[in-house]
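Asks: Structure below; questions to follow.
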Amino acid sequence: MRRVAWIAVLLGGCGWDLTTSDGLVWLTTQRHVGPDGRIPIVVDVPANATSLQVVGEMGAGAQGYIETVTDASGDVPFVAKETWDGVHNRTNAGFSSGVVTMDWPIAESDGPLIAGTLRFDLRSADHGVDVPLTIAIKQDDDLTRGVLAVDLVYAGTLEGDPAVVAATEAALDHWRDIYAAIGIELDVVEREWDGASKLTSPGYGDADVYREALADKPPRSVSVLVIDRVTDVAGVFGVSGGIPGSLVPTDRSVVSVSVKEHAGRDGLFSAAEIQLYGETMAHEVGHYLGLFHPAELPVGGVVKSWDALDDTPECLTGNDCDARLGTNLMYPTPLCDTPPCTPQANVTRQQEGIVQRYVGVQ
Ligand SMILES: [Zn+2]
């Protein structure tokens, strides 16, 4: 849902270039990492804005993270160190990355976006590096429904394989149903990209290849790249380029999904595998829109970290989590001990709140 008239007045100064397109206000600039290892990113948030995304592209080899968020009243509602030391995952913006991506507010519990000065302190050890910064701001008068544009890209020759296309479209229908239940309609545009179909996870190599695949990414969309397989990690169904993922094209602005992994050893898609394929797309794009696993996999039999939401229980062991969270879309693994796999389509109200705040959701 969107409206465009609200923008214009505000947002002067501070050295930002301002444009409006696709229902968003875009602020862009370039800053360099100072001798103190910081870039202060100061945004004059317009009235009626509901959420925004900050993206800093650190450039070759450089890394950065958001150290703090400080609001107009001087409160500091996000401190990266708390996420390093804590057991509750809110955003990966507090961890070093070549592409710093932060949504604010992240969840309903962060409260509304307040007009006035909002400051993000970006930290980097790469002094003097120039960092292109982009801020996308949305105004959304209904955070219970929206439309998500999906840029579905078949890599290599996969679009020429009728079995792959049929399975992908059936899986898309399943994904559509899952997101419809949380008020999100998918607007999918399919295209072909004539490049490599065996790729690393985004952000872990193959940067140039991803950049090329995403050069034609439509604005305000999330790209899903259908590939043969992910090369750097065995047995991966799909992988997201970030939590959250960047709306602007970078070498990791993508969710990659593996056809081979879903089709299994026989290379044919059963109904159960199509269900899993649809849930993988819904799950990985869920990460892209800012969702964490409600509970991470146990370490030494004990679960040690969870999402930061109140309506996903804090289970303690593998069996406990399977029982209490195993049907949640963001559960870390499929549960397939007794085929077909347990459907994992449930999304809680607070998970929905995060997804609906993502700037890409119109
Ligand atoms: Zn996951």
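Asks: For the subset of the stretch 280-311 comprising residues that are outside any loop (DSSP other than H, G, I, E, B) and open to solvent by less than 10 Å² (accessible area, probe 1.4 Å), which member is nearest to the ligand (Cβ to nearest atom)?
Replies: Top of the filtered list is 286.
Asks: To continue, here is another question. Can we say residue 36 is open to solvent by 50 Å² or more (accessible area, probe 1.4 Å), more than 21 Å from residue 92 (Cβ to Cβ), of a type in the set (D, E, K, R) and part of a loop (DSSP other than H, G, I, E, B)?
Replies: Considered against the rule, which asks whether it is open to solvent by 50 Å² or more (accessible area, probe 1.4 Å), more than 21 Å from residue 92 (Cβ to Cβ), of a type in the set (D, E, K, R) and part of a loop (DSSP other than H, G, I, E, B), residue 36 comes out as yes.
Asks: Further, regarding this structure: Which condition number does residue 259 fail, the rest of (1) surrounded by fewer than 13 Cβ atoms within 10 Å (Cβ to Cβ); (2) under 22 Å from residue 227 (Cβ atoms) being met?
Replies: Residue 259 satisfies all of (1) surrounded by fewer than 13 Cβ atoms within 10 Å (Cβ to Cβ); (2) under 22 Å from residue 227 (Cβ atoms) except (1).
Asks: Considering only residues that are over 29 Å from residue 311 (Cβ atoms) and of a type in the set (Val, Ile, Thr), look in the stretch 101-136 and name the one that is most open to solvent (accessible area, probe 1.4 Å).
Replies: Going through the qualifying residues, I end up with 117.
Asks: Moving on. Could you list all residues from the stretch 107-138 that are in contact (Cβ under 8 Å) with a residue 40 or more places away in the chain and charged (D, E, K, R)?
Replies: Across the stretch 107-138, the qualifying residues are 108, 119, 121, 123, 126, 130, 138.
Asks: Does at least one position in the stretch 262-278 carry a residue that is farther than 23 Å from residue 234 by Cα and open to solvent by less than 40 Å² (accessible area, probe 1.4 Å)?
Replies: Checked against the condition, which is being farther than 23 Å from residue 234 by Cα and open to solvent by less than 40 Å² (accessible area, probe 1.4 Å), the stretch 262-278 yields no hits at all.
Results for (1) at pLDDT below 95; (2) open to solvent by 10 Å² or more (accessible area, probe 1.4 Å), shown as yes or no for each residue.
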residue: 170; (1), (2): no, yes
residue: 175; (1), (2): no, no
residue: 184; (1), (2): no, no
residue: 208; (1), (2): yes, yes
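Asks: Hey, could you check the stretch 224-242 for residues that are assigned to a loop (DSSP other than H, G, I, E, B) and open to solvent by less than 30 Å² (accessible area, probe 1.4 Å) and say which is farthest from residue 195 (Cα to Cα)?
Replies: Applying the filter and picking the extreme gives 242.
Asks: Only residues that are under 24 Å from residue 268 (Cβ atoms) and part of a loop (DSSP other than H, G, I, E, B): list them for the stretch 141-195, please.
Replies: Result: 156, 157, 161.
Asks: The conditions are (1) closer than 26 Å to residue 150 by Cβ; (2) open to solvent by 40 Å² or more (accessible area, probe 1.4 Å); (3) at pLDDT below 95, and residue 337 fails exactly one of them. Which is it?
Replies: (1)
Asks: Anything in the stretch 78-133 that is aromatic (Phe, Trp, Tyr) and closer than 18 Å to residue 251 by Cβ? List them, or say none.
Replies: 95
Asks: Does any residue of the stretch 247-263 turn out to be more than 16 Å from the ligand (Cβ to nearest atom), among the small types (Gly, Ala, Ser) and either closer than 22 Å to residue 201 by Cα or in the same structural domain as residue 21 (by TED's automatic domain parsing) (or both)?
Replies: yes
Asks: Go through the stretch 64-76 and give me each residue that's in contact with a strand residue (DSSP E or B) (Cβ under 6 Å, 6 or more places away or on another chain) and open to solvent by 40 Å² or more (accessible area, probe 1.4 Å).
Replies: Answer for the stretch 64-76, where residues must be in contact with a strand residue (DSSP E or B) (Cβ under 6 Å, 6 or more places away or on another chain) and open to solvent by 40 Å² or more (accessible area, probe 1.4 Å): 67, 72, 76.
The values are calculated or read from the model by the stated rules, or taken from the named source; none is laboratory data. Remember, it's a predicted structure, so these values are computed and weren't measured experimentally. With ideal geometry, Cβ positions are generated from the backbone for all residues, glycine too; neighbour counts draw on all protein chains shown. For accessibility, only protein heavy atoms count, side chains too; no ligands or nucleic acids. Shrake-Rupley method; radii C 1.70, N 1.55, O 1.52, S 1.80 Å.
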